[in-house]
Structure formats: C-alpha cells, structure tokens
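K.L.:
Could you have a look at this structure, given as structure tokens, before my questions?
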Amino acid sequence: MKIMTQKVVDVVKDVRCDVCGDSTSREGEHPPQFGVLKADWGYGSRHDGARYELHLCEGCFFSALATLKQERQACRMFDGNADDQAAEFGLVARGEHG
C-alpha cells in the first residue's frame, strides 16, 4: 500500500552575480547560467578553515578570467617557454551540457 503525502521542496529560482548583482537567468531560460569561483582552504594554509563561493554572471566571469590571464602572462613574461595555452586558459570542455 502506498501512503502519499505532499512535500515542500526549495528550488533555486534565480542566482544573482556576486560582483554586479545582475540575474544570471534570462527570460524563459532554465536553469540560471553562471560561473563559480570557489575555494575551501584546508589545514596548513594561511586561510585554514575559510571557504569562499562566488557566483558570477557570464560577463563578470569572463572579465575575471581575462584579468587572471593577464596576471599569468605577467608572471611568465620572461620564462623561456612560450605560453601556447593562454587562449584556452581554464577551458576544460566545449559543447553542450549533457
């Protein structure tokens, strides 16, 4: 015998960018589209126990990525090895989500 009941479930309605405050949802688009910058600092680090999670809209994500790319280039400016992967910095896959 099945005994039925109703449950109230929380669902994510929207995600707002932690930088600019804009919504990461577009009309009729589900789920929200956003990037995450995340850190969970463990034992031995200067920030032991600190956890960070920033949600970024597409514009702010790629702005942050461009800044990190510039920092990488500055750090490697005088290295003997050319940075062939700078254009794909951080990219792990292309295509649709499955």
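K.L.:
Can you name every residue in region 43-66 that is exposed (fewer than 12 other Cβ atoms within 10 Å of the Cβ) and either touching a Cys at 6+ places or on another chain (Cβ under 8 Å) or within 16 Å of Cys20 (Cα to Cα) (or both)?
P.N.:
Within region 43-66, just Glu53 meets the criteria.
K.L.:
Residues in region 1-24 that are under 19 Å from Leu37 (Cβ atoms), assigned to a loop (DSSP other than H, G, I, E, B) and either among the polar types (S, T, N, Q) or touching a Pro at 6+ places or on another chain (Cβ under 9 Å) (or both): how many?
P.N.:
Looking only at that region, the number is 4.
K.L.:
Would a scan of region 60-71 turn up a residue that is at pLDDT below 95, of a type in the set (S, T, N, Q) and not in a helix (DSSP H, G or I)?
P.N.:
no
K.L.:
Looking only at region 23-63, how many residues end up being in contact (Cβ under 8 Å) with a residue 24 or more places away in the chain and in contact with a Ser or Thr (Cβ under 6 Å, 6 or more places away or on another chain)?
P.N.:
So the answer is 3.
The values are calculated or read from the model by the stated rules, or taken from the named source; none is laboratory data. Since the model is a prediction, treat every value here as computed from it, not as a measurement. A quick note on method: Cβ atoms are made from the backbone with ideal geometry, for glycine too, and the neighbour counts reach across all protein chains shown.
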